[in-house]
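Engineer: Quick one: the structure is below, questions incoming.
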Amino acid sequence: HPKFDTPKFDVLTQGFSFAERFFVTAPATRPSHTSLFTGLYPFEHGLYGQTYLKMFEGIPNLFQLFSEAGYRMTGRSERPDVFRFLDYEPFIGPIDPDAEDQHLGSLENLIKTLFQSEDTPQFCFLHFWYPHGSYGMRGISSGPNLKAMVDEGRFEEALRFYYAAVVHVQEFLLVEVLKRVRLDEWAVFIFGDHGEGFCDEGMAHGDNLHQNVLHVPLLAHIPGREGLKFPEGPVSMIDLFPTITTLAGLDV
């Protein structure tokens, strides 16, 4: 993005393929992630919206499948409680188990867990929630009211705060993980679970199926398949499930 100042992130992902027409299945975290982990639309997996508590029974998910296949599992989130009551909740812990506030936590424990030398194949899921926290302004008493800005037509001014929060995740968190990843061994997918409104039709996410909320970036790297070409048509969140399971040779 031309307004993101992320030189380190850009260098580390310069060989990645970019899907310009990648869409999520829902405008909120829980149903969107459940589509990622099951390859199903919300009406198929049971989470029609953010407030639905449980999935339909008997649906396999990526965590379960990789665990049964003998993979070493690492699931970390800056907001693990957002996955409460879902079938894959037991696989997702905090980014930093020793931190009370995850946005103040360290990546050291995560990096040691991920990159300890052993031959066991790994499946890893990382969820950075920081941009949700009033777009990085949590605890700043004089922070502006972004909704008021949007209502006044000051979209670009409001977006600066959101962009700053996204840059924080990409340039100061993801970079520390990516620079230790051996791209000849790891398949890597970087994407958003939803976007934000910032327009007359909606300020935030979760309320409607607006393009600003459903259309998100996807960066992908697959070892030995540099220059990967995405289909010309739209790519959906549900497409990642069969892609990942096929790469891993899992029979689903």
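The values are calculated or read from the model by the stated rules, or taken from the named source; none is laboratory data. Quick caveat: nothing in here was measured; it's all calculated off a predicted structure. No Cβ is skipped: glycine too gets one built from the backbone with ideal geometry, and neighbour counts run over all protein chains shown. For accessibility, only protein heavy atoms count, side chains too; no ligands or nucleic acids. Shrake-Rupley method; radii C 1.70, N 1.55, O 1.52, S 1.80 Å.
Engineer: Measuring from centroid to centroid over Cα atoms, what is the spacing of region 93-128 and region 152-199 in Å?
Structural biologist: A separation of 18 Å, based on Cα centres.
Engineer: Count of lysine pairs in the chain with Cα atoms under 26 Å apart, counting only pairs 8 or more residues apart in sequence or on different chains?
Structural biologist: Value for the chain: 8.
Engineer: Return the carbon/sulfur percentage of the accessible area of the chain, one whole number, probe 1.4 Å, all protein chains in place.
Structural biologist: So the carbon and sulfur contribution to the accessible surface is 51 percent.
Engineer: What nm value, rounded to one decimal, do you get for the distance between K54 and C199 when each label is placed 7 Å out toward the C-beta?
Structural biologist: Roughly 3.8 nm, to one decimal.
Engineer: Another question, then. Dimensions of the chain along principal axes (Cα, Å, largest first)?
Structural biologist: Largest first, the chain extends 54, 42, 39 Å along its Cα principal axes.
Engineer: Under a plain spin-label model, where a point goes 7 Å from the Cα along Cα-to-Cβ, how far apart in nm are L219 and E100?
Structural biologist: Label-label distance for L219 and E100, simple model: 3.4 nm.
Engineer: On average, how much accessible surface per residue is there in the chain, in Å², for a 1.4 Å probe, leaving out ligands, DNA and RNA?
Structural biologist: 54 Å²
Engineer: Turning to a different aspect of this structure: Along each of the three principal axes of the Cα atoms of region 67-205, give the extent in whole Å, ordering the values from largest to smallest.
Structural biologist: Rounded to whole Å, the extents work out to 56, 34, 28 Å.
Engineer: Binning at 10 Å from 0, report for region 5-110 what percent of all alpha-carbon pair distances ends up in each bin.
Structural biologist: 13, 33, 37, 17, 0
Engineer: If I model region 146-186 as equal point scatterers sitting on the Cα atoms and use the Debye formula, what is log10 I(q)/I(0) at q = 0.19 Å⁻¹?
Structural biologist: Each listed q corresponds, in turn, to -0.62.
Engineer: Another one. Please calculate the 1.4 Å probe accessible area of E68, with all protein chains present, and give it to the nearest 10 Å².
Structural biologist: 140 Å²
Engineer: Follow-up question, since we're still on this one. Using only alpha carbon pairs under 8 Å that are at least six residues apart, calculate the relative contact order of region 1-85 and give it in whole percent.
Structural biologist: Value for region 1-85: 19 percent.
Engineer: Given the DSSP H assignment, sum -39500 (n - 2.57) over each helix run of at least 4 residues in the chain and divide by its residue total; what's the result at 222 nm in deg cm²/dmol, nearest 500?
Structural biologist: Value at 222 nm, helices only: -7000 deg cm²/dmol.
Engineer: Could you work out the pair-distance distribution P(r) of region 159-212 from its alpha-carbon pairs, with 10 angstrom bin width and percents rounded to whole numbers?
Structural biologist: Answer for region 159-212: a P(r) of 19, 38, 27, 14, 1 percent.
Engineer: Over the alpha-carbon set of region 144-252, work out the extent along each principal axis and list the three values in angstrom, largest first.
Structural biologist: 51, 30, 23
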